[in-house]
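Accompanying notes for the structure given below.
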Amino acid sequence: MYKIELEENGKVLKSKEFAKYDDIIQCSNKLLEEIEIDRKIIIYEIKNDNWVKFGEWKMR
């Protein structure tokens, strides 16, 4: 299980969960169009029943 979030200044603007990793790629490409300064995309995966950060993208 995976989760993707679009955050701005620590506040979650959008969040969605997926069963397959391939679905994350398609969603992250759409979110990259919305990314601006102070926003970031964070991907999590479930490990031992907890969400663990898997990756992060942000504008500089």
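The values are calculated or read from the model by the stated rules, or taken from the named source; none is laboratory data. Computed from a predicted model, the values in this text were never measured in an experiment. FYI the Cβ positions are ideal-geometry reconstructions off the backbone, even for glycines, and counts take in every protein chain you see. With ligands, DNA and RNA removed, areas are computed over all heavy atoms of the protein, side chains included. Shrake-Rupley method; radii C 1.70, N 1.55, O 1.52, S 1.80 Å.
Residue 53 contributes an accessible area of around 120 Å² to the protein surface, as traced by a 1.4 Å probe with all chains present. Between helix 21-32 and the chain there is an angle of about 10 degrees, using the helix long axis and the longest principal axis of the Cα atoms. Estimate the FRET efficiency between residue 47 and residue 9 by the formula 1/(1 + (r/R0)^6), using the beta-carbon distance for r and 35 Å for R0, to the nearest 0.05. After rounding, the FRET efficiency stands at 0.85.
Taking each DSSP H run with n ≥ 4 as -39500 (n - 2.57) and averaging over every residue of the chain yields -6000 deg cm²/dmol at 222 nm. Tell me the label only: which of (i) 24, 44, 24, 8; (ii) 19, 46, 25, 10, 1; (iii) 24, 57, 19, 1 is P(r) over Cα pairs in 10 Å bins from 0, in percent as calculated from this structure? The value matching this structure is (iii). The label-point distance for residue 30 and residue 54, in a model that sets each label 7 Å from Cα toward Cβ, rounds to 1.7 nm.
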